[in-house]
Amino acid sequence: MNVRHLIVIGAAAALVGLTVNLAGQAPARRDFDAEYRAAVQGAKDAAGFEFLGTLVRTCLLPQSGGENTSDTVPDYVANPAKAPPRDSWYADPAKVFDDLYFVGGKVHSSWALTTRDGIILIDTIFPYNSEELIVGGMQKLGLDPKQIKYIIMSHAHADHIGGAEMLQKKYGAKVVMGAPDWESVEKYPNRYKTMAPKRDIVATDGMKITLGGRTVTIWLTPGHTPGTLSYTFTALDRGRTVNIAYSGGTAFNFVNNTPVPGIRNFQTYIDSQKKFAEKAAAVNATVLLSNHSEFDNAYNKNRMLAGRGSGPHPYEIGAKAVQDYFTVMEGCARAAQIRLEQRQAAS
Ligand SMILES: [Zn+2]
């Protein structure tokens, strides 16, 4: 074997070694911290001032960690004296658009959409304040609660379903809710004591609730709860049609503190945000409504209406800002999901 052969063998061995090395190399390590920071930064950039509440709640504050699987009667139902003090939740009702009225509270929202054949009510707040805020609020605004024909429930949490049983019994309104949330109501009779409407309409994706020439289109957006609903519909602002996207569930109160099933739960949530962002864009939604003032500033905006004059409607933030809301929610959910992926990789 001469020197030339040795060089060839050596080169071949080196090549084989290189190949083995390349093939056996672990994939580049993910920089989870950098991915997390990028997701939060994206959410922060999109939030601006408009969605600071959404950013803080979903990116910064500690999450609940789990879902409620208990079946106990809430304190404020067992003993109405334990309901939070009125000044913590009372807000004046407001006529927000020509045909859309706010009848919620300081923290939680309820909306009445009027049509020539009756009223579609969206969400019903708590059992302890729905009578005063919804029934009383409608009366203050000159609306007749007997005209409520449909109640659309964004999801079965006590801060939204609280008045549904009372309103269904009193006025015979038909309640619309997602299938898994109907199941929750039926599964936890104590948790939903005084707030369990009997099953009327099970929402399906793209379902249209039409009354008096007005239509609310329902989109299934599981995540916040398995049956969370979001809507697209229109209202009139001084006679001009305005397109609205109503986001039915925001916070991460599903199992979110363990990789299984947290990663999957976040994916369900993210997929719903993407889907509803597309639906909002498709109708050119320029108004974003939520069921918490923390996310859409309803309480503050209602008080701005009086000073509007000939200026823009305080709720009309534009199509770009509506999309920004979804960017915040998606970015914060992705950030939390990255942390779970990091824990899974480390285990
Ligand atoms: Zn909720």
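Here is how the numbers come out for the structure above:
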| quantity | calculated |
| --- | --- |
| P(r) tail fraction, the chain - alpha-carbon pairs more than 36 Å apart, % | 27 |
| Accessible surface of segment 110-221 [probe 1.4 Å, protein heavy atoms]: carbon and sulfur percent | 51 |
| Pairwise FRET efficiency - Val260 versus Arg303, Cβ, R0 = 41 Å, nearest 0.05 | 0.35 |
| Local net charge near Tyr36, Cβ-Cβ under 10 Å (Lys/Arg +1, Asp/Glu -1) | -1 |
| Accessible area in square angstrom per residue, segment 187-345, 1.4 angstrom probe | 39 |
| Extension gain from Lys320 to Asp33, taking 0.36 nm per residue of separation minus the Cα-Cα distance | 100.4 nm |
| Length gained when the stretch Asn79-Ile201 is fully extended (0.36 nm per residue, less Cα-Cα span) | 40.8 nm |
| Förster radius 45 Å - calculated FRET efficiency between Thr69 and Ala345, Cβ distance, rounded to 0.05 | 0.95 |
| The chain - mean residue ellipticity at 222 nm from DSSP helices (-39,500 (n - 2.57) per run, n ≥ 4, rounded to 500) | -11500 deg cm²/dmol |
| Electrostatic dipole magnitude of the chain [Cβ: Lys, Arg +1; Asp, Glu -1; Cα centre; debye, to 20] | 220 |
| Amide N proximity, segment 132-160 versus Glu183 label position 7 Å along Cα-to-Cβ, cut-off under 19 Å | 153-158 |
| Extension gain from Val283 to Leu61, taking 0.36 nm per residue of separation minus the Cα-Cα distance | 76.7 nm |
| Packing rank of 74-85, 140-151, 121-132, where each peptide gets the mean count of other beta carbons within 10 Å, highest leading | 121-132, 140-151, 74-85 |
| Global form of segment 238-316, assessed from the alpha-carbon gyration tensor, a/c cut-off 1.5 | oblate |
| 1.4 Å probe accessible area per residue over segment 80-154, in Å² | 37 |
| Cα-based shape type of segment 230-282, given that a ≥ b ≥ c are square roots of the gyration tensor eigenvalues and the cut on a/c is 1.5 | prolate |
| Convex hull of Cα atoms in segment 35-124, direction-averaged projection (nm²) | 9.9 |
| Whole-Å distance, taken between Cα centres, linking segment 196-274 and segment 301-341 | 16 |
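The values are calculated or read from the model by the stated rules, or taken from the named source; none is laboratory data. Computed from a predicted model, the values in this text were never measured in an experiment. So basically every Cβ, Gly included, is an ideal-geometry build from the backbone, and we count neighbours across all protein chains shown. Accessible surface areas use protein heavy atoms only, side chains included; no ligands, DNA or RNA. Shrake-Rupley method; radii C 1.70, N 1.55, O 1.52, S 1.80 Å.
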